[in-house]
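Just below is one structure, and these are the notes that go with it.
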Amino acid sequence: MIEAQGLTKRYGTKLAVDQLSFQVRPGTVTGFLGPNGSGKSTTMRMILGLDSPTAGNVLVNGRPYRHVAAPLREVGALLDAKAMHGGRTAYNHLLCLAQSNGIPSRRVDEVLDIVGVRAVAKKRTRGFSLGMGQRLGIATALLGDPGILMFDEPVNGLDPEGILWIRNLMKALAAEGRTVFVSSHLMSEMQVTADHLIVIGQGRMIADMSMRDFIERNSQAYTIVRSPQLDKLTALVEAKGGTVAPDEGGAVRVTGPEPAAIGDMAAAHGIALHELAPKFASLEEVYMALTGNAVEYRAGVPGQPPHPGAPGAPQGWGAPAGWGAPPPGTAMPPAGAPPAAYPAPQIPAHGSER
Ligand SMILES: Nc1ncnc2c1ncn2[C@@H]1O[C@H](COP(=O)(O)OP(=O)(O)OP(=O)(O)O)[C@@H](O)[C@H]1O
């Protein structure tokens with residue numbers, strides 16, 4: 001369990017983390033989301049005692065990290081895959097850490113197998129690709145078989161097979177009862193990996209809730225309908241106060257009545273339905289709408305109006321029309337185990353020993 005209370009970090013005039021209070025619980029994958037520069041890495045560094053809070057505190061298993069007796073056995077972290085001695089082989093990198101933390105050397109072989117880099121274990125890490133470095137960083141995090149795992153952008157540099165592998169790894173680690181805290185900008189991946197979300201913007205809490213609640217409470221549900229008698233169905237839906245808008249491929253998007261009510265309406269009037277599909281917005285759509293005002297670094301597109309939240313643009317949540325108001329639990333962003341459980345395919349050895 002990770003518990004932050006009023007966690008705050010100021011660098012000079014820059015308030016990087018602003019009074020964050022949250023808990024990261026065991027048995028779930030908790031996604032940590034926020035635009036570039038919103039304070040995710042700073043928060044993770046404070047959890048690991050690599051940065052001191054300006055105010056507030058953060059505890060791992062009830063203690064500040066620096067009071068944890070065997071850190072690698074309690075918390076494993078991948079913060080920066082490049083943070084390793086480039087002149088050491090992958091094996092020696094892990095062995096040094098194992099020996100200095102009282103971890104048996106056989107665990108080195110185990111984690112090399114888990115992350116699939118055994119074939120390159122005797123190569124110096126400076127020759128590693130980004131993806132191989134990420135895998136070795138994950139092996140380092142797993143070395144002490146810790147109950148808490150923190151990954152900062154773990155899929156960075158991984159190929160599609162590697163992304164799928166890390167998704168399954170994180171789920172397996174959480175299913176074993178571990179606390180898994182992971183930051184990522186890859187929303188489609190987060191949507192299928194995380195059970196719970198902590199979303200921050202400009203250092204402040206925007207949302208702390210389950211993935212399901214985050215999407216359902218922050219987007220309006222609608223139903224995709226296909227029918228050869230759309231005109232008749234549209235009149236019925238509109239008579240009940242619903243709205244019907246065109247969608248792709250001749251389908252319509254019905255907002256208002258629930259799918260079951262639409263189906264009943266169609267059946268009662270002898271209208272054939274070829275599709276009746278309830279939809280929610282994707283995590284990416286909800287995330288973009290909720291963090292719109294909290295984005296600090298934004299690329300401009302020539303000839304297009306400024307994004308909501310950009311100077312000169314209309315202020316607000318930046319959500320598309322029809323999206324719900326922020327629910328309770330969301331804060332308005334400021335204006336302006338056993339290795340065999342998750343084996344990884346081995347990366348073949350290539351390149352030359354350096
Ligand atoms: N050592 C430092 N000195 C000064 N400012 C810093 C330092 N570390 C981070 N910052 C600033 O604090 C803010 C938060 O940075 P942080 O790296 O935590 O954000 P992030 O959410 O991890 O971003 P990204 O998604 O781009 O990795 C940024 O404005 C950053 O420039």
Could you work out how much longer the chain between E275 and R25 gets when fully extended? Use 0.36 nm per residue separation minus the Cα distance between them, nm to one decimal. 86.1 nm
Could you grab the relative contact order for segment 2-216? Cα pairs under 8 Å, six or more apart, rounded to a whole percent. 30
Give the separation of the Cα centroids, segment 132-168 to segment 1-65, in Å. 20
How do S52, S183, S210, S38 rank when sorted from fewest to most other Cβ atoms within 10 Å of their own Cβ? S52, S210, S183, S38
So, with +1 on the Cβ of K and R and -1 on the Cβ of D and E, and no other charges, what is the size of the charge dipole of segment 1-64 about its Cα centre, to the nearest 20 debye? 80
Using alpha carbons only, how many angstrom separate the centre of segment 249-294 from the centre of segment 196-248? 6
Explain nothing, just the number: dipole magnitude of segment 2-216 about its Cα centre with +1 on each Lys and Arg Cβ and -1 on each Asp and Glu Cβ, in debye rounded to the nearest 20. 780
Simple spin-label estimate for E176 and A268 in nanometres, 7 Å along Cα-Cβ: 5.5
Enter the mean projected area of the convex hull around the alpha-carbon atoms of segment 222-279, in nm², rounded to one decimal. 3.2
Give the share of C-alpha pairs in each 5 angstrom bin for segment 2-216, from 0 to the last occupied bin, in whole percents, shortest bins first. 1, 7, 15, 19, 20, 17, 12, 6, 2, 0
For the pair N57 and K240, the simple spin-label estimate (label points 7 Å beyond Cα toward Cβ) gives in nm 5.6
If the cut-off is 24 Å between C-alpha atoms, which lysines fall inside it for K232, apart from same-chain ones fewer than 8 positions away? K240, K279
Set of lysines near K171 by C-alpha distance (under 23 Å), chain-local residues within fewer than 8 positions excluded: K40
E161 versus E110, label points 7 Å from Cα toward the beta carbon: distance in nm? 2.6
Checking the cross-link filter: which lysines have an alpha carbon closer than 26 Å to that of K123, excluding same-chain neighbours under 8 positions apart? K82
A chain fully extended from N101 to K122 at 0.36 nm per residue, minus the present Cα-Cα distance, gains in nm 5.4 nm
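A short reminder: the numbers here are calculations on the coordinates, not readings from a lab. The structure displayed is predicted, hence computed values, not measured ones. Every residue, glycine among them, receives a Cβ derived from its backbone with ideal geometry; neighbour counts consider all protein chains shown.
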